[in-house]
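Take a look at the structure set out below.
Where a number appears in this text, it was derived from the coordinates with a stated rule and is not lab data. Since we're looking at a predicted model, the values are computed, not measured. In this analysis, Cβ positions are derived from the backbone assuming ideal geometry, glycine residues included, and neighbour counts consider all displayed protein chains.
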Amino acid sequence: MDKIRTTVKVAGHEYTMTSYDTEEHVQRVAKYVDRMINDLSLATRLPPQHVAVLCAMSIADDMIKTHDEVNKQKQKIAELSEKLAQYENGAL
């Protein structure tokens, strides 16, 4: 699969991204980051580099919480699968 070059605009600046993801996906990510940077800029009035760090921290926080929730759900699925197997084998 070839890499796709996509130009996006974030915080008023254009960036050319190279990715295996679709152009639509890269644009969606850029719009999300742009919206978050704009919202934080308006809410905090901090310098751009501080806004970028806050944005990165917020996105990383969301990612880690989502990762933890996925792992929690995987554990529940494994436990339920084990109970189902025990039930099917007449152990319950």
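Note on the range 4-14: residues that are surrounded by 10 or more Cβ atoms within 10 Å (Cβ to Cβ) and not in a strand (DSSP E or B) amount to 1. Condition first: surrounded by fewer than 13 Cβ atoms within 10 Å (Cβ to Cβ), in a strand (DSSP E or B) and acidic (Asp, Glu). Can you find one or more residues in the range 45-67 that meet it? No, the range 45-67 contains no residue that is surrounded by fewer than 13 Cβ atoms within 10 Å (Cβ to Cβ), in a strand (DSSP E or B) and acidic (Asp, Glu).
Just so you know, in the range 69-89 the residues that are surrounded by 10 or more Cβ atoms within 10 Å (Cβ to Cβ) and of a type in the set (Asp, Glu) include one that is farthest from the chain's Cα centre (by Cα), and it is Glu82.
For Met17, work out the one condition from (1) in contact with a helix residue (DSSP H, G or I) (Cβ under 6 Å, 6 or more places away or on another chain); (2) among the hydrophobic types (A, V, I, L, M, F, W, C); (3) assigned to a helix (DSSP H, G or I) it doesn't fulfil. Only one criterion is unmet by Met17, namely (3).
In a helix (DSSP H, G or I), among the hydrophobic types (A, V, I, L, M, F, W, C) and without any contact (Cβ under 8 Å) to a residue 24 or more places away in the chain: does that describe Val26?
yes
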